[in-house]
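Before any comments, here is the structure.
Every number in this text was worked out from the coordinates using simple rules, so none of it is lab data. This structure is a prediction, so every number in the text was calculated from the model and none was measured. Glycine gets a Cβ as well: all are built from the backbone with ideal geometry, and neighbour counts include every protein chain shown.
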Amino acid sequence: MAWDMVVVGGGPAGLFAAIAAAERGARALVLEHMSNPGRKLLASGGGQCNLTHGGEIMDFLPHYGGGTRPGEAGRFLRPALYAFSNSDLVTWCTRWGVPLTEDPDGRVFPISRRAQDVLDLLLAEARRRRVELRTGVRVRSLRVERSRFVVLTAPEQKPVIEGLTLVLATGGRSYPSLGATGDGYRLAASLGHSVVSPRPTLAPVVVERNAFSPFVPCAGVSLPGAAVAVVREKRTIAEKEGGVLFTHRGLSGPAVLNLSRYVLPGDSVRVSLLAGSGSIDLAEQRLTAEIAAHGKRTVVSLLQGFGVTACLARALVAAVGLGPGTKAAELPREARRVLATSLAAGGDGGHPFPVGSLGGWNEAMVTAGGVRLSEVDSKTLESRLVPGLFFAGEILDVDGDTGGYNLQAAFSTGRLAGTSAAGKARSGARRRVTR
Ligand SMILES: Cc1cc2nc3c(=O)[nH]c(=O)nc-3n(C[C@H](O)[C@H](O)[C@H](O)COP(=O)(O)OP(=O)(O)OC[C@H]3O[C@@H](n4cnc5c(N)ncnc54)[C@H](O)[C@@H]3O)c2cc1C
């Protein structure tokens, strides 16, 4: 007998879709190729699971990239996010025994700080609703026969699995060690969908080696509230304010990760190395005044006096080609302007870090690109091309900022896809009975 709904992928989106469908009386089967479901969920938030963000749900919309036009991803997600919002998720988790807490920066975690508790909750709810979960089963191909989905797996399942509806929730391509296969894109394409090329995002930026060498000793230094901009051919294409973390090879931290969806090799990432230092002219005026007053001090100690960390002060002086003992009075005029630029924010301000590459699939937390949004009905998450086919989670061409936006999207789209698929299966069954 055919299942009402077959879900491919046992991550948060797939499990939540199955739970939502089962709540509406549907017989749901989840197929997961790893030996355990929800591996990425377990790794999320460093194992603590930052599963959503505080605030109003309408404020979530600008935090998503994807689609072909600015704002398209947010508009696409709106029905799913409004139908099952951040506060609905908090209520749901709390009601079933996993209370959540909001950090001062808005990130929401289980009070226990254990991602395992969130996964255990999903699995317990799935069991309670009689969702069947089969692990170690990789879906290889799909076909539609007499309005049913025939699912072909490895190792080969007998009898063949059939579903009245099918939810593709296979996630993206990042972190293959946590189960990502990218199979979903191929499966969607085999049913006629187009897929926007997947690329890594929420990824650290690797800076060109020579330009970064003075900053290598600063690995581990973080700057809160830095102004960061992505510059391509002298044009600023995106900018944000937030935390920046220096790594051994380049830049990370929330502001850089959130901008990484726009970054290409050859771009420059500009970081203001001193929060609140204002425009380049203002920073230069302050430097000039300090030099006039304290010409005998070293440039490094002068910069430290401004609030620049010792390590970054040394790196900046090295980056303009001077030794660490250079006295303020000896600072050439052009070097002073360059230093002022590195400290400043806005306009052309910020230290320019030329991008060598972006962290790859083993470092990117999320995949940008995926199933093209215009081919999916945002109100139901049903395919506009194949009736009965639904999509949920990261497989869609949607990627969220850090801070809980990706898991919220997985839960909200999972819920909407599951509810819609259950309705579809029921109406199909009614039609068959009436006939
Ligand atoms: C290290 C890390 C930390 C993160 N931290 C956070 C965080 O704190 N907050 C946040 O909001 N987001 C975070 N994310 C992102 C978030 O985890 C994902 O966006 C989210 O898990 C996506 O859910 P999903 O169900 O769509 O996909 P996934 O969680 O990737 O689940 C898809 C499932 O499908 C299975 N699968 C794939 N192909 C097949 C196949 N052919 N057959 C059967 N099964 C298949 C996979 O094994 C996997 O279990 C993090 C990601 C990473 C990698």
Review point. Ranked highest first by average number of other Cβ atoms within 10 Å, how do 208-214, 412-418, 237-243, 339-345 line up?
Key: 412-418, 339-345, 237-243, 208-214
Study note, to complete from the structure: A correct Stokes-Einstein calculation for the stretch 286-350, using the alpha-carbon Kirkwood radius, 37 °C and 0.692 mPa s, returns a whole-number D in µm² s⁻¹ of 284
Exercise for review: May I ask you to list the lysines whose Cα is less than 20 Å away from that of K327, ignoring any residue fewer than eight positions away on the same chain?
Suggested key: K296
Point to revise | Cα-based helix-to-principal-axis angle, 310-319 vs the chain, degrees rounded to 10 | key: 80
Exercise for review: Starting from the Cα of K379, draw a straight line to each of the lysines and keep only those under 25 Å, dropping any in the same chain fewer than 8 residues away.
Suggested key: K424
Exercise for review: Return a whole-number percent for the relative contact order of the stretch 205-358, with Cα pairs under 8 Å and 6 or more residues apart as the contact set.
Suggested key: 32
Practice item. Over the alpha-carbon set of the stretch 205-358, divide Rg by the Kirkwood Rh and report the Rg/Rh ratio to two decimals. Key: 0.95
Review point. Remind me, relative contact order of the chain in percent, using alpha carbon pairs under 8 angstrom and six or more residues apart?
Key: 25
Review point. Cα-based Rg of the chain per 2.2 N^0.38 Å, rounded to two decimals?
Key: 1.14
Practice item. Divide by every residue of the chain the summed helix terms, -39500 (n - 2.57) for each DSSP H run of at least 4, and state the resulting mean residue ellipticity at 222 nm, rounded to the nearest 500 deg cm²/dmol. Key: -10000 deg cm²/dmol
